[in-house]
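Inspection log for the structure reproduced underneath, given as structure tokens.
The values are calculated or read from the model by the stated rules, or taken from the named source; none is laboratory data. Treat the numbers as computed from the prediction; the structure is a model and nothing was measured. Here Cβ is always computed from backbone atoms with ideal geometry, including for glycine, and neighbour counts include all displayed protein chains.
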Amino acid sequence: MIRKLHGILRLHSTVNQTRIRQRAPTLLARNYATDEANENANTDDAKSSKKNNAGTSRSLPAIRNPFTAAQEKTKNSYLTMVEIFAERDVHRRNHVEFIYAALKHMPDFGVEHDLEVYKALIDVMPKGKFIPTNLFQAEFMHYPKQQQCIIDLLEQMEDYGVMPDYEMEAMLLNVFGNKGHPLRKYWRMMYWMPKFKNLSPWPLPDPVPDDTLEIAKLAVERMCTVDLRSKVEVFQASEVKDSLDDTWIVSGMSPEQSKLLREHSRQKALYIEGPFNIWIRNRRINYFTLRADADAEFLAQLDEREVDEDDVTQIGVPFFGRAPPRRHNQLGKLRSVHHQDDGTIFAICATGTSTKDSLLSWIRLLEAHGNASLGEIPVLFRFTSSLPDKAEQIEGPSNMPAHTRATTSNKEQSDSSRP
């Protein structure tokens, strides 16, 4: 009888401990999530809340989030806090909540692209405890909370384009074994990420330079790859007399575009359109185009002369009727890559200020560098709206500043291109 009583008490204590272990991480996660709000709470409000909650169940005290209280947002301070947590407790309690908090505050410290930081967070996990010992534990995700935490860490690495290495594989193997789900996620990343990393025909330096001029060069070079003979030049607006903006201008133009510009009719205007956006990884650059309206007659003639060699619907058989007509050698212009359906592109550029004066300096510099025909052709500015139409309708053109009305106007503004 006494043995049965001891067994019942032992079972009851085991069930209670299991319930406490299941509830404790949830409460700790809530405390981590609400730590920022708790830091700004006043002492008087805390005392009044204790009086109002008299008689109710007492909750666990809030755990201080070290990442929100850090004064110096650097990589060294971030790694120092991770080391302090790993050395503070042998059992490393609340390691899952700590890793989630660390992942959340990575952009604040500027370490979201650093592989060393991710490996330091994986090293926080206890070793050997979460390795499954049989097939059922392996398939039913033994210790699912800890495994899902590391899977989320690997997914954040994938979102930021951080490629893991073989050392991370050894770390995951020591924590979850070769049947763990995080290791499977790692294998999938190592299969696909190298393929996508080297797939782009325009490789970028890693990291991307912070200088806006260098990023503008990369952007213009990327857009000019449609014509391999394109030349990218960097001008200074100060070279133009009476220029207001002292800034740089990155211009891209090919000999074919210069030829098209010389053959362009002097009676048809050219347009400077923009700003358009191009993304160089996580940096955005505004660029402008010098273009003309599409030549409808020229494109119609090209459509008539073009013969689809793969069209077999009207094929003629010489044995059963007359011979198929021979193709005549027709002389005329050939369509280049710069002849688009909506217009002909003559040049593109990116300036440091993206203002009308810098674009006018760009036209004058193009004219001085081998495009004398620009002095005889009218150039019109056609700026796209930088504010939504709804905001312009609510505020009204008269309520907006003068420079905003100039850039948001969709009307064509003419300006002479002669210096």
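Would you confirm whether or not region 193-205 contains a residue that is under 18 Å from the mean Cα position of the chain (by Cα), more than 22 Å from residue 163 (Cα to Cα) and not hydrophobic (A, V, I, L, M, F, W, C)?
Within region 193-205, not a single residue is under 18 Å from the mean Cα position of the chain (by Cα), more than 22 Å from residue 163 (Cα to Cα) and not hydrophobic (A, V, I, L, M, F, W, C).
Any residue at all in region 102-109 that is out of contact with any helix residue (DSSP H, G or I) (no Cβ under 8 Å at 6 or more places or on another chain), buried (at least 16 other Cβ atoms within 10 Å of the Cβ) and at pLDDT 90 or above?
No, the conditions are met nowhere in region 102-109.
Filter region 268-292 for residues that are outside any strand (DSSP E or B) and at pLDDT below 90; which is surrounded by the fewest Cβ atoms within 10 Å (Cβ to Cβ)?
It comes out as 282.
For region 129-162, enumerate the residues that are under 19 Å from residue 179 (Cβ atoms) and part of a loop (DSSP other than H, G, I, E, B).
Hits for region 129-162 are 129, 130, 131, 132, 133, 134, 140, 141, 142, 143.
Hey, residue 133 hits all of (1) free of Cβ contacts under 8 Å to residues at least 24 places away in the same chain; (2) polar (S, T, N, Q); (3) in contact with a His (Cβ under 7 Å, 6 or more places away or on another chain) but one; which does it fall short on?
Going through (1) free of Cβ contacts under 8 Å to residues at least 24 places away in the same chain; (2) polar (S, T, N, Q); (3) in contact with a His (Cβ under 7 Å, 6 or more places away or on another chain) one by one, residue 133 breaks only (3).
Do you know which residues across region 163-173 are in a helix (DSSP H, G or I) and either buried (at least 18 other Cβ atoms within 10 Å of the Cβ) or in contact (Cβ under 8 Å) with a residue 12 or more places away in the chain (or both)?
167, 168, 169, 171, 172, listed by residue number.
Going residue by residue through region 216-228, is there one that turns out to be assigned by TED's automatic domain parsing to the domain that holds residue 357 and assigned to a loop (DSSP other than H, G, I, E, B)?
Yes: one or more hits.
Looking at 122, 99, 151, which one is touching a Cys at 6+ places or on another chain (Cβ under 7 Å), at negative phi and crowded, with 16+ Cβ neighbours inside 10 Å?
Within the list 122, 99, 151, the selection yields 99.
Report the residue count in region 355-392 for those that are at pLDDT below 90 and either under 31 Å from the mean Cα position of the chain (by Cα) or aromatic (Phe, Trp, Tyr) (or both).
Qualifying residue count, region 355-392: 11.
Among (1) closer than 21 Å to residue 67 by Cα; (2) at pLDDT below 90; (3) of a type in the set (A, V, I, L, M), there is one condition residue 135 misses while meeting the rest; what is its number?
For residue 135, the failing item is (1).
From the list 206, 152, 159, 211, which residue is touching a Leu at 6+ places or on another chain (Cβ under 9 Å) and free of Cβ contacts under 8 Å to residues at least 60 places away in the same chain?
Testing whether each residue is touching a Leu at 6+ places or on another chain (Cβ under 9 Å) and free of Cβ contacts under 8 Å to residues at least 60 places away in the same chain leaves just 152.
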